[in-house]
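A.B. asks: Got a structure for you, written out below as structure tokens; questions coming shortly.
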Amino acid sequence: MEYALVSVVSLLVSALALYSGFGLGTLLMPVFAIFFPVPIAVASTAVVHLANNVFRITIVGRSANWGIVLAFGLPAAALALVGAFLLVQMSEIAPLATYHIGETAFTVTTVKLVVAALIIAFALFELLPFLSRVAFPRRFVPVGGALSGFFGGLSGHQGALRSAVLSKVGLETATFVGTVSVCAFMVDASRLAVYGVTFFARDIGEVAEGKAISLIGVAIVAAFVGTFASSRLLKQVTMKMVRRLVGVMLMALGLALASGLV
């Protein structure tokens, strides 16, 4: 059962994440959390996320706009360090609210509310016709990168902000996908330098026990398959479709964050 669930979620979400630029880590971690303690789930998801980003780059990285990668990715990677360090400091702050659905507890925190507000705002730019025509001048790309990286290090949800900014700079579909893939790798490498190693150092014994390693392997393979299959459809997908998909996923993620479900 666990292998089937992890495989299906990893495959489908990685296929969508190739176009939207986010989603794999956000949705796969709760699935791992069904079977493992949260620290193990976070560590396991980090392995899959980083491995899939490397695979994505080998497929679509050559299409990246390297000017945008440098303008967006470098500030994102730098601010991801700041966000990750701030996360360590904020980890002791009590949640604003806690509620239960069945036996599962959900919490609403300051960080979640701030990120949710930003994500929903970006979603409106994708979904509302008069706002969807607004374009971000390229001179604002570094600012978007800095914000994306900062919140990526702070909350792990850098992909949503990254996609919202880069989907507005006039990139073709293949270029957009390649650019976000390279930027995602840069932010992953940066934030994992702060807290990724800590997860593994603390939990490596538990990760090595039971089915953790085999589930990670299954998830990585499924993510690779989803990414590869999705990349074959690049020429059939228009940027308009991508932007609408981004908008829907942004809104769903923002509402889930604000309510404490994510």
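A.B. asks: At R0 = 25 Å, how high is the FRET efficiency between residue 189 and residue 140 if r is their beta carbon distance? Nearest 0.05 is fine. Walk me through the numbers on the way to the answer.
C.D. replies: Numbers: r = 24 Å, r/R0 = 0.97.
It comes out at approximately 0.55.
A.B. asks: Oh, and also: What are the ³J(HN,Hα) values, in whole Hz, obtained from phi via the Karplus relation 6.51 cos²θ - 1.76 cosθ + 1.60 with θ = phi - 60°, for each residue of the range 75-81 in sequence order, with x given for Gly and Pro?
C.D. replies: Whole-Hz 3J(HN,Hα) from phi for the range 75-81: x, 5, 5, 5, 6, 4, 4.
Values quoted throughout were computed directly from the atomic coordinates according to the rules given, and no laboratory measurement underlies them. Being a predicted model, the structure only gives us computed values, none of them experimental. With ideal geometry, Cβ positions are generated from the backbone for all residues, glycine too; neighbour counts draw on all protein chains shown.
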